[in-house]
Amino acid sequence: MKNISFKNKKILITGATGSIGFELVKQLTHMNCKTIRAFSNDENGLFELSSFLRKNSEKNLQLSKVMQLGKLRFLLGDVRDYNRCLEICRDVDYVIHAAALKHVAICEYNPFEAIKTNVVGTENMIKASLHNNIKKFLLISTDKVVSPTNVMGSSKLQAEKITISANEIVGNHKSVFSCVRFGNVLGSRGSVIPT
């Protein structure tokens, strides 16, 4: 997504209440997007995100205007639900797919849940994006996909593979599918400092 202008674009962020998704929503509010759709299965997280943005919009007149015009939307649902993925991708330009199960120990103990979210959820988002002719799809991945030794790393590696492979099946679509890897993000939930 290098050198992409978000001005007047409709952006969807999955996993919008996670550490990375939350920050992406905050940053995008300063980029004159046409709409920002913040999607999460965490109802309280969506409430906290909207409260944070409202509180800070007093200092940021542009953000306040964006929220008043309904350009910032908080959508509840799960990437495991393909029909919901179809709905949220409708009329979107860019998808930033940050929804994932990311805690190694939790994924080890709940491997089938990790696969449902990280692999099937990504597949659902790719199919919904293709169906809705989105322009660009970016998967937020992790450095743990390199020679994975755990379920979380393996499931995110599979998510990367199906994302990149989507470029081979776009057909007449002009959609572009890509990935970016993050290491441990300082100060994110579950990282060394808050822990």
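For this structure, a couple of remarks:
- Residues that are part of a loop (DSSP other than H, G, I, E, B), open to solvent by 30 Å² or more (accessible area, probe 1.4 Å) and either among the aliphatic types (A, V, I, L, M) or modelled with pLDDT under 95 (or both) within region 10-48 comprise H30, M31, N32, K34, listed in sequence order.
- The condition (being over 16 Å from I13 (Cα atoms) and modelled with pLDDT of 90 or more) is satisfied by just one residue among N83, N60: N83.
- Looking across region 87-132 at every residue that is over 15 Å from A159 (Cβ atoms) and touching a Lys or Arg at 6+ places or on another chain (Cβ under 8 Å), the one that is most open to solvent (accessible area, probe 1.4 Å) is identified as D91.
The rows are residues; the columns are (1) farther than 27 Å from K34 by Cβ; (2) at pLDDT 95 or above.
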residue	(1), (2)
D93	no, yes
N150	yes, no
F182	no, no
V185	yes, no
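- Verdict on A114 being within 17 Å of L24 (Cα to Cα), modelled with pLDDT of 95 or more and of a type in the set (A, V, I, L, M): no
- The residues in region 115-138 that are among the small types (G, A, S) and either in contact with a His (Cβ under 7 Å, 6 or more places away or on another chain) or closer than 14 Å to G15 by Cα (or both) can be counted, and the count is 1.
The values are calculated or read from the model by the stated rules, or taken from the named source; none is laboratory data. If you're wondering where the values come from, they're calculated on a predicted model, not measured in any experiment. Methodologically, a virtual Cβ is constructed for each residue, glycine included, from the backbone with ideal geometry; neighbour enumeration extends over all protein chains shown. For accessibility, only protein heavy atoms count, side chains too; no ligands or nucleic acids. Shrake-Rupley method; radii C 1.70, N 1.55, O 1.52, S 1.80 Å.
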